[in-house]
Amino acid sequence: MGTLDTVIIFLYFAVLIGVGIIGSTKAKTTEDFALAGRNLGLFMYLGCLSAVILGGASTIGTAKLGYEFGLSGIWFVSMIGLGIIVLGTFFIKKIAKYKVTTISELLGKKYKSEARLITAIVASIYTLMVAVTQVIGMGTIINVLLGWNLTTSMFVGGGIVLFYTILGGMWSVTVTDIIQFVVMTVGIFAIMLPMSIAKADGIGSLISKLPESHLSLTSIGYAQIFQYFLLYTLGMVVSQDIWQRVFTAKSPSIARKGSLYAGIYSIAYALAGSIIGMCAFVILPNIGDTQNTFATLAMKILPTGILGLVLASVISALMSTASGTLLASSTLITNDILRQYFMKDISDKKFLVLSRVTTLCVGLLAISFAVWIQDVLVALDVAYAILSGAIFVPVLLMFFWKKATPNAGFYSILASTIVVIGGLLIEGLASTNPIMYGIATGFVVLIGISLITNYRNKESLVTSLGDTKQG
């Protein structure tokens, strides 16, 4: 990589740090820090939502899948986009009625406070694990590009994200996400995609050189497509980092439209990434580690200067997801655990300080995990499985079934969590069956207990009325 590319990446880092400093002047209340004052317009909302859902795994992973499976590589990110479309179409109008900060706070309002606690613990662990994977990704890319050792690279990448997130909270995250959204869009759609196709001698030549399986939408396998649906479509609907973005919108209409547009953008991003991977299959047929498909192709076909911009777009994707998930994890801990159980009477000014300190602790924990473990994908899959298997059903029925009772919601989350974890231990951490077991358990427990409770309450009411008449 040339000196100019290195300079571009360092300038990009400097801009993000500057934005963090500016954002600190905006975050004067806890609502500003956690939700950007609930004041984002359509473009800003669309940009920050798209940036948080399309992390480095979306860019690197889709190129890898495109290299290995062709068009069928679109399903990973397309299922993420589908989850956002489902959220926007069916849930946002109902969510907007509640002035809450977290998904666990809303579950606590509908069900019991214990449901809020369990959800907060599960969701905060999940968002922390997502942040860890992004720090690992940043470290890997900086290590390859700049030649620094992996530990230093993780500290630098994670440290920059942590710095601007602590200073300005959601305001800094939003502004940096807009920058990252623009860089990602230009880097992928305006540069990498057309230049990859040109290097492969055009679409017609690309199609003729690819094996037939690479032109099929199902070569990755129906089981894998269904797994992506369970993990990501259902997971997006109940993910705190996504809900926290929803709460930043100025109005329900903006939240709904922005979510639909972000979902469509994600599907287009998936298609672009898969085609880039297919081009790499033709241009570089002997890549040893397909995980490096995107970076290897970029360094092969892009000129100096342009290469720096495109690689900055990959780092952008990682940083935007890392900042959003760090803030989501700290918000769950401060709002639903610390304030709810230990600091109920804390002032807004002190709570803002607490939010920043908690974000610092979560960030340092994420960087430490990234440095020590360096591979938490299994832990992430487990967290995603619990999120989809245990929390999706209570959220769904909370909005679409009025007979759900508080006890039923709590026991549904508890039983489903136990079933999912037990299923993963018995069938293996890679199995998707425990998610389905958890969803089925959630339906049976929540509906069963609700019907029994409502029946008993009705019987009690009839008995009471009968006693009154006799008296």
### Query
Using alpha carbons only, how many degrees (0 to 90, rounded to 10) separate the axis of helix 406-427 from the longest principal axis of the chain?
50 degrees
### Task
Take the solvent-accessible surface of the protein heavy atoms, probe 1.4 Å, and return the percent of it on segment 183-264 that carbon and sulfur atoms account for.
65 percent
### Relative contact order (%) - criterion: Cα under 8 Å, at least six apart; region: segment 193-337
37 percent
#### Entry: Pairwise FRET efficiency - L364 versus F189, Cβ, R0 = 35 Å, nearest 0.05
0.50
## Note on the structure
Rounded to whole angstrom, the alpha-carbon centroid of segment 257-306 lies from that of segment 1-16 at a distance of 21 Å
### Query
Of K110/K458; K64/K93; K109/K250; K28/K93, which ones are farther than 25 Å apart at the Cα?
K64/K93; K28/K93
### Message
Quick check: the angle from helix 377-386's long axis to the longest principal axis of the chain, C-alpha only, nearest 10 degrees?
### Response
30 degrees
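Based on DSSP H runs of at least 4 residues, each adding -39500 (n - 2.57), what is the mean residue ellipticity at 222 nm of the chain after dividing by all its residues, to the nearest 500 deg cm²/dmol?
On the way: 22 runs with 354 residues, N = 471.
The helix-only estimate for the chain comes to -25000 deg cm²/dmol at 222 nm.
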### Query
Using modelled amide H (1.01 Å from N, peptide plane; none on Pro or chain starts), what sits under 5 Å from the amide H of T29, excluding residues fewer than 5 places away?
none
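At a 1.4 Å probe radius, which order do Y455, Y45, Y228, Y98 fall into by accessible area, largest first?
So the residues, ranked largest to smallest area, are Y455, Y98, Y228, Y45.
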### Task
Beta carbons within 10 angstrom, averaged per residue: use that to sort the peptides 398-410, 437-449, 204-216, 382-394, highest first.
382-394, 437-449, 398-410, 204-216
### Task
Using a cut-off of 11 Å between beta-carbons, work out the net charge of the residues near T296 (Lys and Arg +1, Asp and Glu -1, T296 not included).
+1
### Simple Cβ-charge dipole of segment 283-416, Lys/Arg +1 and Asp/Glu -1, about Cα centre, in debye nearest 20
460 debye
### Query
Stretched out fully, how many nm does the piece from N454 to M343 gain, at 0.36 nm a residue minus the Cα gap?
36.5 nm
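Based on Cβ point charges of +1 for Lys and Arg and -1 for Asp and Glu, what charge dipole magnitude is obtained for the chain about its Cα centre, in debye rounded to the nearest 20? Don't skip to the answer; put the middle values down first.
Working: 29 positive and 19 negative charges, 342 e Å.
With Lys and Arg at +1 and Asp and Glu at -1, about 1640 debye.
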## Note on the structure
With R₀ set to 56 angstrom, the calculated FRET efficiency between the beta-carbons of A198 and T25, to the nearest 0.05, is 0.80
#### Entry: Length-normalised contact order of the chain in % [C-alpha pairs under 8 Å, at least 6 apart]
31 percent
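Roughly how many debye, to the nearest 20, is the charge dipole of segment 261-360 about its Cα centre, given +1 on each Lys and Arg Cβ, -1 on each Asp and Glu Cβ, and no other charges? Don't jump to the answer; show the numbers that get you there.
Numbers: 6 positive and 4 negative charges, 55 e Å.
In debye, rounded to 20, segment 261-360 gives about 260.
What number comes out for accessible area per residue over the chain if the probe is 1.4 Å? Units Å², please. Please list the in-between numbers first.
Numbers: 18640 Å² over 471 residues.
Dividing the accessible area of the chain by its residue count gives 40 Å².
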### C-alpha center-to-center spacing [segment 80-152, segment 393-461] in angstrom
22 Å
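Rounded to the nearest 0.05, what FRET efficiency is calculated for A430 and V15 with R0 set to 41 Å and r the Cβ-Cβ distance? Working shown, then result.
Values: r = 40 Å, r/R0 = 0.97.
Efficiency computed from Cβ-Cβ geometry: 0.55.
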### Message
For A249, what residues show an amide H to amide H distance below 5 Å, using hydrogens built from the backbone and excluding near sequence neighbours?
### Response
L40
#### Entry: Degrees, to the nearest 10: 252-283 long Cα axis against longest axis of the chain
40 degrees
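The values are calculated or read from the model by the stated rules, or taken from the named source; none is laboratory data. Everything numeric here is computed off the predicted structure, so don't read it as measured data. Quick reminder, even Gly has a Cβ in these numbers, built from the backbone with ideal geometry, and neighbours come from all protein chains shown. For accessibility, only protein heavy atoms count, side chains too; no ligands or nucleic acids. Shrake-Rupley method; radii C 1.70, N 1.55, O 1.52, S 1.80 Å.
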